[in-house]
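Engineer: Structure in C-alpha coordinates, see below.
The values are calculated or read from the model by the stated rules, or taken from the named source; none is laboratory data. Not measured: the values here are computed from a predicted model. So basically every Cβ, Gly included, is an ideal-geometry build from the backbone, and we count neighbours across all protein chains shown. Only protein heavy atoms, including side chains, enter the accessible area calculation; ligands, DNA and RNA are left aside. Shrake-Rupley method; radii C 1.70, N 1.55, O 1.52, S 1.80 Å.
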Amino acid sequence: MAVADKKDIDFTELERELEAAIDQDTRYWLQNDAKIRAVNQRVATYDEFRDIVKAAHLKPLKKKDISGSGSNDSSSSRGSFVWNSIASGKKKPAAERQEKHDMENDVYPRSASNQVDLQRALSSTSEFMQMWRSLDGSERRYAALQRVGTGALGRLFSTTEIPVGLLGEILEAALHFRASTHEICFVVKMLETLTKAKRFCLTLEFLSSGEKATCKQLLSKLNNSLQGQQQDLAERGVTEWTLRQLHNAYRV
(Lines give C-alpha, C1' and ligand atoms only; values in the text may rest on other atoms or scores of the structure.)
Protein backbone atom coordinates (compact mmCIF):
# COMPACT_ATOMS: atom_id res chain seq x y z
CA MET A 1 0.00 0.00 0.00
CA ALA A 2 2.84 2.32 0.90
CA VAL A 3 4.54 1.53 -2.39
CA ALA A 4 1.40 2.43 -4.32
CA ASP A 5 1.08 5.76 -2.49
CA LYS A 6 4.71 6.59 -3.21
CA LYS A 7 4.17 6.00 -6.89
CA ASP A 8 1.30 8.52 -6.88
CA ILE A 9 3.55 11.33 -5.67
CA ASP A 10 4.39 13.79 -8.45
CA PHE A 11 7.92 14.82 -7.55
CA THR A 12 8.09 17.21 -10.52
CA GLU A 13 5.06 19.10 -9.23
CA LEU A 14 6.51 19.16 -5.71
CA GLU A 15 9.73 20.63 -7.07
CA ARG A 16 7.80 23.32 -8.93
CA GLU A 17 5.83 24.22 -5.79
CA LEU A 18 9.04 24.41 -3.76
CA GLU A 19 10.68 26.68 -6.32
CA ALA A 20 7.57 28.90 -6.38
CA ALA A 21 7.59 29.16 -2.59
CA ILE A 22 11.28 30.10 -2.59
CA ASP A 23 10.71 32.73 -5.31
CA GLN A 24 7.78 34.18 -3.35
CA ASP A 25 9.82 34.40 -0.15
CA THR A 26 12.75 35.98 -2.00
CA ARG A 27 10.45 38.58 -3.61
CA TYR A 28 8.91 39.39 -0.22
CA TRP A 29 12.25 40.25 1.38
CA LEU A 30 13.45 42.15 -1.69
CA GLN A 31 10.29 44.26 -1.63
CA ASN A 32 10.54 44.81 2.12
CA ASP A 33 14.11 46.09 1.71
CA ALA A 34 12.94 48.30 -1.16
CA LYS A 35 10.19 49.80 1.02
CA ILE A 36 12.68 50.73 3.72
CA ARG A 37 15.03 52.15 1.09
CA ALA A 38 12.22 54.25 -0.44
CA VAL A 39 11.31 55.75 2.94
CA ASN A 40 14.94 56.58 3.69
CA GLN A 41 15.12 58.33 0.31
CA ARG A 42 12.03 60.37 1.31
CA VAL A 43 10.19 59.78 -1.97
CA ALA A 44 7.63 62.49 -2.63
CA THR A 45 4.72 60.43 -3.99
CA TYR A 46 3.12 57.03 -3.64
CA ASP A 47 3.72 56.35 -7.36
CA GLU A 48 7.50 56.72 -6.86
CA PHE A 49 7.32 54.46 -3.82
CA ARG A 50 5.33 51.83 -5.74
CA ASP A 51 7.73 51.86 -8.71
CA ILE A 52 10.74 51.32 -6.44
CA VAL A 53 9.04 48.36 -4.76
CA LYS A 54 7.89 46.81 -8.04
CA ALA A 55 11.43 46.95 -9.42
CA ALA A 56 12.98 45.44 -6.29
CA HIS A 57 13.76 42.11 -8.00
CA LEU A 58 15.54 43.68 -11.00
CA LYS A 59 19.34 43.65 -11.20
CA PRO A 60 21.63 45.95 -13.24
CA LEU A 61 22.60 44.50 -16.60
CA LYS A 62 26.22 43.66 -17.22
CA LYS A 63 27.93 44.04 -20.56
CA LYS A 64 27.85 40.31 -21.23
CA ASP A 65 24.09 40.25 -20.52
CA ILE A 66 23.52 42.65 -23.40
CA SER A 67 26.09 41.34 -25.88
CA GLY A 68 25.64 37.65 -25.05
CA SER A 69 27.00 35.11 -22.59
CA GLY A 70 30.56 35.49 -23.91
CA SER A 71 30.67 32.07 -25.61
CA ASN A 72 31.28 31.52 -29.30
CA ASP A 73 27.64 30.62 -29.86
CA SER A 74 26.52 34.16 -29.12
CA SER A 75 23.49 34.10 -31.41
CA SER A 76 21.85 31.26 -29.50
CA SER A 77 22.61 32.86 -26.14
CA ARG A 78 20.99 36.14 -27.19
CA GLY A 79 17.87 34.35 -28.27
CA SER A 80 17.43 32.39 -25.07
CA PHE A 81 18.52 35.01 -22.50
CA VAL A 82 15.78 36.16 -20.15
CA TRP A 83 16.35 39.63 -18.64
CA ASN A 84 13.51 39.47 -16.13
CA SER A 85 12.89 35.90 -15.02
CA ILE A 86 10.13 36.84 -12.57
CA ALA A 87 8.18 38.89 -15.10
CA SER A 88 8.48 36.10 -17.69
CA GLY A 89 6.36 33.78 -15.57
CA LYS A 90 2.60 34.26 -15.77
CA LYS A 91 1.33 35.56 -12.45
CA LYS A 92 -1.83 33.99 -11.12
CA PRO A 93 -4.82 36.29 -10.44
CA ALA A 94 -4.66 35.47 -6.70
CA ALA A 95 -1.02 36.54 -6.59
CA GLU A 96 -1.87 39.79 -8.40
CA ARG A 97 -4.63 40.56 -5.90
CA GLN A 98 -2.32 39.81 -2.97
CA GLU A 99 0.43 42.05 -4.35
CA LYS A 100 -2.07 44.89 -4.86
CA HIS A 101 -3.35 44.39 -1.30
CA ASP A 102 0.18 44.44 0.12
CA MET A 103 1.08 47.59 -1.81
CA GLU A 104 -2.08 49.48 -0.83
CA ASN A 105 -2.25 48.47 2.81
CA ASP A 106 1.43 48.72 3.62
CA VAL A 107 2.19 51.96 1.84
CA TYR A 108 5.23 52.55 4.02
CA PRO A 109 7.22 49.81 5.77
CA ARG A 110 7.02 49.51 9.53
CA SER A 111 10.72 49.88 10.19
CA ALA A 112 11.81 50.71 13.73
CA SER A 113 12.98 54.24 12.89
CA ASN A 114 9.80 54.97 10.94
CA GLN A 115 7.62 53.83 13.85
CA VAL A 116 9.50 56.03 16.32
CA ASP A 117 9.06 59.11 14.13
CA LEU A 118 5.34 58.51 13.72
CA GLN A 119 4.80 57.78 17.39
CA ARG A 120 6.49 61.03 18.32
CA ALA A 121 4.57 63.05 15.71
CA LEU A 122 1.24 61.60 16.84
CA SER A 123 1.88 61.86 20.56
CA SER A 124 0.37 65.36 20.68
CA THR A 125 -0.91 68.14 18.45
CA SER A 126 2.23 70.20 19.05
CA GLU A 127 4.49 67.31 18.00
CA PHE A 128 2.40 66.77 14.87
CA MET A 129 2.61 70.47 14.00
CA GLN A 130 6.39 70.38 14.47
CA MET A 131 6.65 67.46 12.06
CA TRP A 132 4.21 69.16 9.65
CA ARG A 133 6.12 72.47 9.59
CA SER A 134 9.38 70.66 8.89
CA LEU A 135 8.05 69.41 5.53
CA ASP A 136 8.69 71.60 2.49
CA GLY A 137 5.92 71.68 -0.09
CA SER A 138 2.37 70.39 -0.11
CA GLU A 139 3.32 67.30 -2.11
CA ARG A 140 5.64 66.08 0.64
CA ARG A 141 2.96 66.87 3.17
CA TYR A 142 0.49 64.73 1.26
CA ALA A 143 2.98 61.84 1.36
CA ALA A 144 3.24 62.39 5.13
CA LEU A 145 -0.54 62.21 5.50
CA GLN A 146 -0.46 58.84 3.74
CA ARG A 147 2.19 57.68 6.19
CA VAL A 148 0.16 58.81 9.18
CA GLY A 149 -3.12 57.29 7.98
CA THR A 150 -6.70 58.31 8.64
CA GLY A 151 -7.05 56.28 11.82
CA ALA A 152 -4.14 58.02 13.53
CA LEU A 153 -5.41 61.44 12.42
CA GLY A 154 -8.80 60.64 13.86
CA ARG A 155 -7.33 59.66 17.21
CA LEU A 156 -5.13 62.77 17.28
CA PHE A 157 -7.96 65.25 16.74
CA SER A 158 -10.77 63.38 18.48
CA THR A 159 -10.16 65.25 21.73
CA THR A 160 -8.60 68.47 20.45
CA GLU A 161 -9.29 71.12 17.87
CA ILE A 162 -7.52 71.30 14.52
CA PRO A 163 -5.01 74.15 14.86
CA VAL A 164 -5.82 77.34 12.97
CA GLY A 165 -4.37 77.18 9.46
CA LEU A 166 -3.74 73.42 9.49
CA LEU A 167 -7.02 72.41 7.88
CA GLY A 168 -6.38 74.67 4.90
CA GLU A 169 -2.88 73.25 4.50
CA ILE A 170 -4.20 69.69 4.64
CA LEU A 171 -6.77 70.50 1.96
CA GLU A 172 -4.03 71.99 -0.23
CA ALA A 173 -1.82 68.95 0.27
CA ALA A 174 -4.68 66.58 -0.58
CA LEU A 175 -4.97 68.19 -4.01
CA HIS A 176 -1.93 66.13 -5.00
CA PHE A 177 -3.84 62.85 -4.89
CA ARG A 178 -3.79 60.64 -7.98
CA ALA A 179 -7.06 59.46 -9.51
CA SER A 180 -6.54 55.86 -8.39
CA THR A 181 -9.12 53.96 -6.37
CA HIS A 182 -6.78 53.69 -3.40
CA GLU A 183 -5.90 57.38 -3.22
CA ILE A 184 -9.46 58.59 -3.82
CA CYS A 185 -10.66 56.41 -0.95
CA PHE A 186 -7.82 57.65 1.25
CA VAL A 187 -8.65 61.33 0.68
CA VAL A 188 -12.39 60.80 1.16
CA LYS A 189 -11.82 58.87 4.38
CA MET A 190 -9.42 61.55 5.62
CA LEU A 191 -11.93 64.34 4.95
CA GLU A 192 -14.63 62.36 6.76
CA THR A 193 -12.29 61.77 9.69
CA LEU A 194 -11.44 65.46 10.04
CA THR A 195 -15.14 66.38 10.33
CA LYS A 196 -15.20 64.44 13.61
CA ALA A 197 -12.51 66.65 15.15
CA LYS A 198 -13.44 68.65 18.22
CA ARG A 199 -15.29 71.88 17.32
CA PHE A 200 -14.93 71.21 13.61
CA CYS A 201 -17.69 73.70 12.76
CA LEU A 202 -15.70 76.41 14.53
CA THR A 203 -12.59 75.41 12.56
CA LEU A 204 -14.51 75.97 9.32
CA GLU A 205 -15.28 79.52 10.43
CA PHE A 206 -11.55 80.31 10.45
CA LEU A 207 -10.97 79.18 6.86
CA SER A 208 -9.90 82.05 4.62
CA SER A 209 -11.57 82.66 1.27
CA GLY A 210 -8.57 81.11 -0.45
CA GLU A 211 -8.75 77.99 1.75
CA LYS A 212 -12.47 77.67 1.04
CA ALA A 213 -11.69 77.86 -2.68
CA THR A 214 -9.09 75.11 -2.21
CA CYS A 215 -11.67 72.96 -0.46
CA LYS A 216 -14.12 73.48 -3.31
CA GLN A 217 -11.39 72.62 -5.84
CA LEU A 218 -10.52 69.42 -3.96
CA LEU A 219 -14.12 68.21 -3.80
CA SER A 220 -14.57 69.04 -7.48
CA LYS A 221 -11.48 66.97 -8.32
CA LEU A 222 -12.88 64.07 -6.29
CA ASN A 223 -16.19 64.32 -8.18
CA ASN A 224 -14.40 64.23 -11.53
CA SER A 225 -12.30 61.28 -10.39
CA LEU A 226 -15.41 59.14 -9.99
CA GLN A 227 -15.82 58.91 -13.75
CA GLY A 228 -15.06 55.46 -15.10
CA GLN A 229 -14.51 53.77 -11.73
CA GLN A 230 -17.84 54.22 -9.93
CA GLN A 231 -18.29 50.49 -9.34
CA ASP A 232 -14.83 49.94 -7.84
CA LEU A 233 -15.24 52.97 -5.59
CA ALA A 234 -18.78 52.00 -4.57
CA GLU A 235 -17.48 48.63 -3.41
CA ARG A 236 -15.19 50.55 -1.06
CA GLY A 237 -17.92 52.88 0.18
CA VAL A 238 -17.28 55.95 -1.99
CA THR A 239 -20.19 57.20 -4.10
CA GLU A 240 -21.64 60.49 -5.34
CA TRP A 241 -23.78 60.53 -2.20
CA THR A 242 -20.60 60.29 -0.09
CA LEU A 243 -19.18 63.35 -1.81
CA ARG A 244 -22.44 65.27 -1.41
CA GLN A 245 -22.20 64.60 2.31
CA LEU A 246 -18.69 66.03 2.30
CA HIS A 247 -19.90 69.11 0.42
CA ASN A 248 -22.45 69.66 3.16
CA ALA A 249 -19.99 68.99 5.97
CA TYR A 250 -17.44 71.47 4.58
CA ARG A 251 -20.13 73.99 3.60
CA VAL A 252 -19.11 74.36 -0.03
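Engineer: At a 1.4 Å probe radius, carbon and sulfur cover how many percent of the accessible area of region 113-252?
Structural biologist: Its accessible area is 48 percent carbon and sulfur atoms.
Engineer: Among 221-229, 11-19, 175-183, how do they line up from the highest to the lowest mean number of other beta-carbon atoms within 10 Å?
Structural biologist: Listed from highest to lowest mean packing, they are 175-183, 221-229, 11-19.
Engineer: Taking the highest mean first, how do the peptides 22-28, 50-56 order by number of other beta carbon atoms within 10 angstrom per residue?
Structural biologist: Highest to lowest by the protection proxy: 50-56, 22-28.
Engineer: Here's something else I'd like to know. Tell me, what is the FRET efficiency for T159 and R251 to the nearest 0.05, using R0 = 25 angstrom and their Cβ-Cβ distance as r?
Structural biologist: For R0 = 25 Å, the calculated efficiency reads 0.60.
Engineer: Return the subset of K54/K198; K54/K189; K198/K221 for which the Cα-Cα distance in this structure is over 30 Å, preserving the input order.
Structural biologist: The pairs that break the limit, which is 30 Å between Cα atoms, are K54/K198.
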